[in-house]
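Colleague: Got a structure here, written out as structure tokens. Questions coming.
The values are calculated or read from the model by the stated rules, or taken from the named source; none is laboratory data. Only a predicted model underlies this, so the values are computations on that prediction, with no experimental measurement involved. Here the Cβ positions follow ideal geometry from the backbone for every residue, glycine too, while neighbour counts run over all protein chains shown.
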Amino acid sequence: MKVYVSNYLSKSISIIDYDTLTLEKEIKLDENIYPHHFCIDKEKNRMYLPSSSNGILYVLDMKNEKIIDSSSIGGSLTQIAMYEEEIFIANEDSNSIYFLDRNTLDPIGMICVDDMPHGFCFDLTRKKLYVPCMDSITCIDIINKIIESKININLKAWHVQLDKYKDEIYISTLDGSVVVVDENTMTIKRVFEEFLLPVEISFNYKDKKIYVADLGYKNIKMLDYNQGKYIGSIDIDGIPQGLEISPDEERLFISDTQKNSVKVYDTLTNQLIKEIKVGKEPTTIICV
């Protein structure tokens, strides 16, 4: 298993060995590629990299460590994910979600949403895509490519994560709160106010904890999964942004944009296991 990290300012991808927690290599990208988010196609051994600086989607051959294809989309590209034979990309400038053919990168279509769609998350069982925008959350039917529903939350939503067991959607906002929305009714269930600038959200189902990276307070806030209340924080001595929990839920990986490192914590004790130096301004972490 490997841990992949996008380094925005150094224009690179770091690869960490999961077992030894050592940096294996850093793949240098082209000068005009600023990777903030990415997704991995394990079948084709490729990485899809949207560059927010020039609106181009790049395809990295992970074996040869070379860019082998690209597609000019335009605008400020942020979140990217795959579903079957399609690639989904959020575009903040055009306020839309783009769909591309995974094999050819040909455009399939787009759906206009509200202002500034930064992130999104899938519910693959229901075939839905949830998109946070300024003041709203939009639900898209990914099969028929239509907007199914929308809820106005009057908060500046930007990151989102789905609770796969409770049918709840957790949304971090630029207003310093985390909003929980009922997926079935698309209504707000609760709002957590213990944050300054929450970013990524991750669930630890084994230990019944929810982690929220708080860029403003420079720590990881923890919520009790069952009781739905704040239970403490992890001070990382830096600026957290990306979160990734290991498949066995025993390790929490955090990208620290101040120290240019990935910090690994034991999820049972909340203690630091290791700090791994990577490239400049690490953002997204993916463990596969």
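Residues checked against (1) more than 22 Å from LEU21 (Cα to Cα); (2) surrounded by fewer than 18 Cβ atoms within 10 Å (Cβ to Cβ):
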| site | (1), (2) |
| --- | --- |
| VAL181 | yes, no |
| GLU193 | yes, yes |
| LEU197 | yes, yes |
| LYS208 | yes, yes |
| ILE220 | no, no |
| THR269 | no, yes |
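Colleague: Then there's this: Condition first: touching a residue at least 60 places away in the same chain (Cβ under 8 Å) and under 18 Å from THR257 (Cα atoms). Now tell me which residues in region 14-31 satisfy that.
Modeller: If we filter region 14-31 for residues that are touching a residue at least 60 places away in the same chain (Cβ under 8 Å), which is where we start, we get 14, 16, 18, 21-23, 26.
Residues satisfying the conditions are SER14, ILE16, LEU23, GLU26.
Colleague: Quick check on my filter: what residues within region 72-103 are within 22 Å of ASP135 (Cα to Cα), more than 15 Å from the chain's Cα centre (by Cα) and not in a loop (DSSP other than H, G, I, E, B)?
Modeller: Across region 72-103, the qualifying residues are SER96, ILE97, TYR98.
Colleague: Which pairs have Cβ atoms under 7 Å, sit 6 or more apart or on different chains, and link a residue in region 117-138 that is surrounded by fewer than 18 Cβ atoms within 10 Å (Cβ to Cβ) to one that is part of a strand (DSSP E or B) and polar (S, T, N, Q)?
Modeller: Listed by first residue and then by second, the contacts come to ASP135/ASN152; ASP135/ASN154.
Colleague: Pull up region 37-51, narrow it to residues that are touching a residue at least 40 places away in the same chain (Cβ under 8 Å) and either over 19 Å from MET1 (Cβ atoms) or among the polar types (S, T, N, Q) (or both), then point me to the one that is surrounded by the most Cβ atoms within 10 Å (Cβ to Cβ).
Modeller: Within region 37-51, the first condition is being touching a residue at least 40 places away in the same chain (Cβ under 8 Å), and the residues that meet it are 37-42, 47, 49.
Now narrow it down to the ones that are either over 19 Å from MET1 (Cβ atoms) or among the polar types (S, T, N, Q) (or both): 37, 49.
Details: HIS37: 23, LEU49: 25.
By that ranking, first place goes to LEU49.
Colleague: Could you tell me whether region 94-115 includes any residue that is crowded, with 22+ Cβ neighbours inside 10 Å, within 27 Å of TYR217 (Cα to Cα) and either at pLDDT 95 or above or in contact with a strand residue (DSSP E or B) (Cβ under 6 Å, 6 or more places away or on another chain) (or both)? Break it down stepwise before answering.
Modeller: Quick first cut of region 94-115, residues crowded, with 22+ Cβ neighbours inside 10 Å only: 97-98, 100, 113.
When the remaining residues are screened for being within 27 Å of TYR217 (Cα to Cα), the result is none.
Checked against the condition, which is being crowded, with 22+ Cβ neighbours inside 10 Å, within 27 Å of TYR217 (Cα to Cα) and either at pLDDT 95 or above or in contact with a strand residue (DSSP E or B) (Cβ under 6 Å, 6 or more places away or on another chain) (or both), region 94-115 yields no hits at all.
Colleague: Could you check LEU252 against (1) part of a strand (DSSP E or B); (2) touching a residue at least 60 places away in the same chain (Cβ under 8 Å) and say which number it fails?
Modeller: All conditions are met except number (2).
Colleague: I'm trying to understand the selection: among the residues of region 174-195, which are under 19 Å from SER149 (Cβ atoms), without any contact (Cβ under 8 Å) to a residue 60 or more places away in the chain and assigned to a loop (DSSP other than H, G, I, E, B)?
Modeller: Of the residues in region 174-195, the ones under 19 Å from SER149 (Cβ atoms) are 179-189.
Checking which are without any contact (Cβ under 8 Å) to a residue 60 or more places away in the chain leaves us with 179-182, 184-189.
Residues satisfying the conditions are ASN184, THR185, MET186.
Colleague: Still on this structure: I'm checking my understanding of the structure. Among residues of region 121-173 that are of a type in the set (Ser, Thr, Tyr) and not in a loop (DSSP other than H, G, I, E, B), which one is farthest from the chain's Cα centre (by Cα)? Let's see the steps before the verdict.
Modeller: Going through region 121-173, the residues of a type in the set (Ser, Thr, Tyr) turn out to be 125, 130, 136, 138, 149, 165, 170, 172-173.
Next cut, not in a loop (DSSP other than H, G, I, E, B) only: 130, 136, 138, 149, 170, 172-173.
On the way: TYR130: 13, SER136: 18, THR138: 17, SER149: 22, TYR170: 13, SER172: 12, THR173: 14 Å.
Among them, the one singled out is SER149.
Colleague: Mind counting the residues in region 17-51 that are aliphatic (A, V, I, L, M), assigned to a strand (DSSP E or B) and farther than 29 Å from GLU86 by Cβ?
Modeller: First, pick out the residues of region 17-51 that are aliphatic (A, V, I, L, M): 21, 23, 27, 29, 33, 40, 47, 49.
If we keep only those that are assigned to a strand (DSSP E or B) too, we end up with 23, 27, 40, 47, 49.
Then drop every residue that is not farther than 29 Å from GLU86 by Cβ, which leaves 23.
Summing the residues that are aliphatic (A, V, I, L, M), assigned to a strand (DSSP E or B) and farther than 29 Å from GLU86 by Cβ in region 17-51 gives 1.
Colleague: When the residues of region 104-120 are narrowed to those that are part of a loop (DSSP other than H, G, I, E, B) and among the aliphatic types (A, V, I, L, M), which ends up nearest to SER172 (Cα to Cα)? Full working, then the answer.
Modeller: Initially, region 104-120 is screened for residues part of a loop (DSSP other than H, G, I, E, B), giving 104-106, 113-120.
Then keep just the ones that are among the aliphatic types (A, V, I, L, M); that gives 105, 113, 116.
Values: LEU105: 31, VAL113: 18, MET116: 14 Å.
The extreme case among them is MET116.
Colleague: Take the conditions touching a Phe, Trp or Tyr at 6+ places or on another chain (Cβ under 7 Å), crowded, with 16+ Cβ neighbours inside 10 Å and free of Cβ contacts under 8 Å to residues at least 40 places away in the same chain and apply them to GLU168. Does it pass? Show your work before the answer.
Modeller: Working: touching a Phe, Trp or Tyr at 6+ places or on another chain (Cβ under 7 Å): no; crowded, with 16+ Cβ neighbours inside 10 Å: yes; free of Cβ contacts under 8 Å to residues at least 40 places away in the same chain: yes.
Here the answer is no, as GLU168 does not meet what is asked.
Colleague: How about region 266-286: which of its residues are touching a residue at least 12 places away in the same chain (Cβ under 8 Å) and outside any strand (DSSP E or B)?
Modeller: Scanning region 266-286 gives THR267, LEU268, ASN270, VAL278, GLY279, LYS280, GLU281.
Colleague: Collect the residues in region 196-243 that are in a loop (DSSP other than H, G, I, E, B), among the hydroxyl-bearing types (Ser, Thr, Tyr) and either in contact with a Leu (Cβ under 6 Å, 6 or more places away or on another chain) or within 15 Å of TRP158 (Cα to Cα) (or both), keeping them in residue-number order. Before you say what the answer is, go through the steps one by one.
Modeller: Of all residues in region 196-243, those in a loop (DSSP other than H, G, I, E, B) come to 196-197, 205-208, 215-218, 225-229, 236-239.
Next, only the ones that are among the hydroxyl-bearing types (Ser, Thr, Tyr) stay: 205, 217, 225.
Matches in region 196-243: TYR217 only.
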